[in-house]
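Only one structure is covered here, and it is reproduced in the block below.
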Amino acid sequence: MQDVSSAFWIAFGLVAGLDADLLEIIALSLRVSLFALVISCLIGLPVGAVLAIARFRGRSAVLIALNALMGLPPVVVGLIVYLHLSRAGPLGWLNLLYTPTAMIIAQAILITPIIAALSRQILEDLHTEYAEQFRSLSVPAHTMMQALIWDARFSLLTVALAGFGRAIAEVGAVIIVGGNIDHLTRVMTTAIALETSKGDLPLALALGIVLLVIALTVNGLVMALRMTAGRQAYA
Amino acid sequence: MRDAPSHGFASLLPLQTCDLTFTAANGSRLIHGIDLTLDAGSLTVVMGPNGAGKSVFLRLLHGLLEPTGGTIKYAGEPLSDAIRKRQALVFQKPVLLRRSVAANIDFVLKLRARPGSTQPDPVRRDELLDQVGLLDRAAQPARQLSGGEQQRLALARALATRPDILFLDEPTASLDPASTLMIEQITSDAHAAGTKIICVTHDVAQARRLAGDVVFLSNGHLIETANADDFFSNPKSREAQAYLEGRLIV
């Protein structure tokens with residue numbers, strides 16, 4: 001117990017002292033997860049919008065598949081990306097294995113279904129409200145999608161938040177495709193796993209504290225934004 | 001103030017329906033074989049008690065509902081997307097975008113802008129907002145407006161399309177007298193500027209104020225159509241007489 005409490009103090013010291021290794025790991029974690037989030041939003045939001053307004057044969061099956069993909073096991077995604085990016089794989093020539101780019105790809109694959117499925121629900125609800133007006137104005141489909149995404153932007157922030165949370169907390173896929181290489185692909189979650197297994201609890205705890213603070217801060221910011229939007233009757 | 005239609009005076013008219021029928025998905029027939037011709041010139045009011053099929057009739061004319069029988073023709077042409085772009089409909093409950101008042105108008109101005117033009121015309125937007133008395137509210141979120149203001153914004157947005165035909169579905173239902181007066185004034189101005197107005201209402205007093213001609217529906221049937229003066233002074237049908245006298249029609 002004493003070891004744990006002293007580990008906490010050392011952890012706080014590392015955070016307060018802006019330890020260089022710690023900062024490097026945090027910066028890489030944020031960079032990888034934010035890039036993955038941007039890519040996922042660029043793909044997932046239009047997919048969600050299309051599914052929200054389009055009616056076609058097999059739509060229900062697509063929605064079921066999309067919802068199921070939200071629960072993709074990270075290690076399976078990591079393995080699939082690994083197989084594609086390894087030297088013998090179809091994309092081996094890109095030399096991306098054990099790079100942050102590989103980690104971004106794995107995280108993007110994991111969170112794109114989350115962004116698409118959750119945004120589809122939000123955009124479909126809004127479309128139900130706007131549909132008759134849009135039909136009356138003969139709004140083209142692409143304009144409709146843009147309008148829905150723009151008008152639901154504050155609600156979609158929550159979706160992005162869910163995606164970011166999943167990405168930054170992810171360990172299984174990034175350790176497979178990133179390799180947890182010091183100063184290259186080591187992110188918070190893989191570092192926590194490594195340091196814990198080595199018995200170096202202070203660094204693991206310090207990273208855990210930072211992870212929690214990031215999660216709380218991002219949640220707080222999004223909630224504040226949504227409350228402001230609600231007050232302004234935009235949301 | 002320019003609200004003249006974009007394609008010449010009432011060029012979509014006459015509007016003709018032939019045996020227009022609509023049966024809902026649950027099998028109940030809401031519109032029964034309506035034959036009607038509406039010409040340019042007068043402001044048309046569609047009247048009738050609740051459940052008469054007025055709103056359904058309006059949605060059929062505007063193409064929001066597909067007839068299950070019969071035809072609708074504008075100047076001899078069947079209703080198409082191109083024709084619908086030359087019409088606008090204001091709903092009883094306005095559907096406003098989650099944006100500012102100005103942005104709600106900009107959305108439509110951009111939608112109807114000439115090819116190659118990417119920005120809405122701010123002068124036109126301000127004209128429209130001024131016309132409906134909302135210029136000083138331009139930056140305010142649309143959903144913060146009162147019910148009457150929201151309906152005026154919806155009307156301005158409809159006029160932004162410079163429609164040849166403007167459909168109004170009970171635009172003043174549940175509004176206070178001041179808001180009702182403003183909506184009616186804007187409607188009359190649009191009519192004077194050359195837009196054909198087809199307005200649904202079950203408010204007899206409003207119909208008397210606005211109507212040039214009246215289409216009276218009951219239980220999905222076209223009961224009577226007449227010049228407004230004739231209709232109000234000497235209704236031909238038993239249903240219309242009862243309605244105008246305020247008697248209950250079952």
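The residue that is surrounded by the most Cβ atoms within 10 Å (Cβ to Cβ), among those in segment B:133-158 that are in a loop (DSSP other than H, G, I, E, B) and more than 14 Å from chain A (Cβ to nearest Cβ), is B:134.
For the condition buried (at least 19 other Cβ atoms within 10 Å of the Cβ), touching a helix residue (DSSP H, G or I) at 6+ places or on another chain (Cβ under 7 Å), within 14 Å of another protein chain (Cβ to nearest Cβ) and among the aliphatic types (A, V, I, L, M), residue B:166 qualifies. Taking the criterion of being under 20 Å from the mean Cα position of the chain (by Cα) and either surrounded by 22 or more Cβ atoms within 10 Å (Cβ to Cβ) or within 14 Å of chain B (Cβ to nearest Cβ) (or both), the residues of segment A:119-138 that qualify are A:119, A:120, A:122, A:123.
Quick check on this structure: which one of B:87, B:151, B:119 is more than 25 Å from residue B:188 (Cα to Cα) and either in contact with a Cys (Cβ under 6 Å, 6 or more places away or on another chain) or among the polar types (S, T, N, Q) (or both)?
Numbers: B:87 fails: more than 25 Å from residue B:188 (Cα to Cα); B:151 fails: more than 25 Å from residue B:188 (Cα to Cα).
The conditions single out B:119.
Put simply, of A:63, A:97 the only residue that is surrounded by 15 or more Cβ atoms within 10 Å (Cβ to Cβ) and under 27 Å from residue A:134 (Cβ atoms) is A:63. Of the residues in segment B:159-189, how many are farther than 17 Å from residue B:95 by Cα and assigned to a loop (DSSP other than H, G, I, E, B)? So the count comes out to 4. Residues that are in contact with a strand residue (DSSP E or B) (Cβ under 8 Å, 6 or more places away or on another chain), in a loop (DSSP other than H, G, I, E, B) and modelled with pLDDT under 95 do occur in segment B:94-117, at least one of them.
Does residue A:156 meet the test of being within 14 Å of chain B (Cβ to nearest Cβ), surrounded by 19 or more Cβ atoms within 10 Å (Cβ to Cβ), in contact (Cβ under 8 Å) with a residue 12 or more places away in the chain and within 16 Å of the chain's Cα centre (by Cα)? So residue A:156 fits the description; yes.
Being more than 14 Å from chain A (Cβ to nearest Cβ), at negative phi and of a type outside the set (Val, Ile, Thr) narrows it down to one of B:179, B:174, so name that one.
Working: B:174 fails: at negative phi.
Among B:179, B:174, only B:179 is more than 14 Å from chain A (Cβ to nearest Cβ), at negative phi and of a type outside the set (Val, Ile, Thr).
Total residues in segment B:175-220 satisfying the condition of being free of Cβ contacts under 8 Å to residues at least 12 places away in the same chain and either under 22 Å from residue B:242 (Cβ atoms) or crowded, with 17+ Cβ neighbours inside 10 Å (or both): the figure is 1. With respect to the conditions (1) more than 18 Å from the chain's Cα centre (by Cα); (2) within 12 Å of another protein chain (Cβ to nearest Cβ), residue B:19 falls short on a single one, namely (2). Quick check on residue A:149: is it within 14 Å of chain B (Cβ to nearest Cβ) and more than 20 Å from residue A:187 (Cα to Cα)? Here the answer is yes, as residue A:149 does meet what is asked. Scan segment B:56-85 for residues that are buried (at least 19 other Cβ atoms within 10 Å of the Cβ), modelled with pLDDT under 95 and either more than 9 Å from chain A (Cβ to nearest Cβ) or over 13 Å from residue B:165 (Cα atoms) (or both) and report the count. The number of residues fulfilling the criteria is 2. Checking A:103, A:145 one by one, the residue that is crowded, with 21+ Cβ neighbours inside 10 Å and either of a type in the set (Gly, Ala, Ser) or within 30 Å of residue B:163 (Cα to Cα) (or both) is A:145 and no other.
A quick yes/no check of all residues on (1) crowded, with 19+ Cβ neighbours inside 10 Å; (2) at positive phi; (3) more than 14 Å from chain B (Cβ to nearest Cβ):
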position: A:192; (1), (2), (3): yes, no, yes
position: A:198; (1), (2), (3): no, no, yes
position: A:205; (1), (2), (3): yes, no, yes
position: A:210; (1), (2), (3): yes, no, yes
position: A:217; (1), (2), (3): no, no, yes
position: A:220; (1), (2), (3): no, no, yes
position: A:227; (1), (2), (3): no, no, yes
position: A:231; (1), (2), (3): no, no, no
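Quick one: is residue B:116 in contact (Cβ under 8 Å) with a residue 24 or more places away in the chain and surrounded by fewer than 20 Cβ atoms within 10 Å (Cβ to Cβ)?
Details: in contact (Cβ under 8 Å) with a residue 24 or more places away in the chain: no; surrounded by fewer than 20 Cβ atoms within 10 Å (Cβ to Cβ): yes.
It is false that residue B:116 is in contact (Cβ under 8 Å) with a residue 24 or more places away in the chain and surrounded by fewer than 20 Cβ atoms within 10 Å (Cβ to Cβ).
Every condition in (1) at pLDDT 95 or above; (2) over 21 Å from the mean Cα position of the chain (by Cα) holds for residue A:99 except the one numbered (2).
Quick one: is residue B:100 within 12 Å of another protein chain (Cβ to nearest Cβ), out of contact with any helix residue (DSSP H, G or I) (no Cβ under 9 Å at 6 or more places or on another chain) and polar (S, T, N, Q)?
Numbers: within 12 Å of another protein chain (Cβ to nearest Cβ): yes; out of contact with any helix residue (DSSP H, G or I) (no Cβ under 9 Å at 6 or more places or on another chain): no; polar (S, T, N, Q): yes.
Considered against the rule, which asks whether it is within 12 Å of another protein chain (Cβ to nearest Cβ), out of contact with any helix residue (DSSP H, G or I) (no Cβ under 9 Å at 6 or more places or on another chain) and polar (S, T, N, Q), residue B:100 comes out as no.
The values are calculated or read from the model by the stated rules, or taken from the named source; none is laboratory data. Since the structure is predicted, the reported quantities are computational estimates derived from the model, not experimental observations. Because the Cβ atoms are built from the backbone with ideal geometry, glycine has one as well, and the counts that use them run over all protein chains shown.
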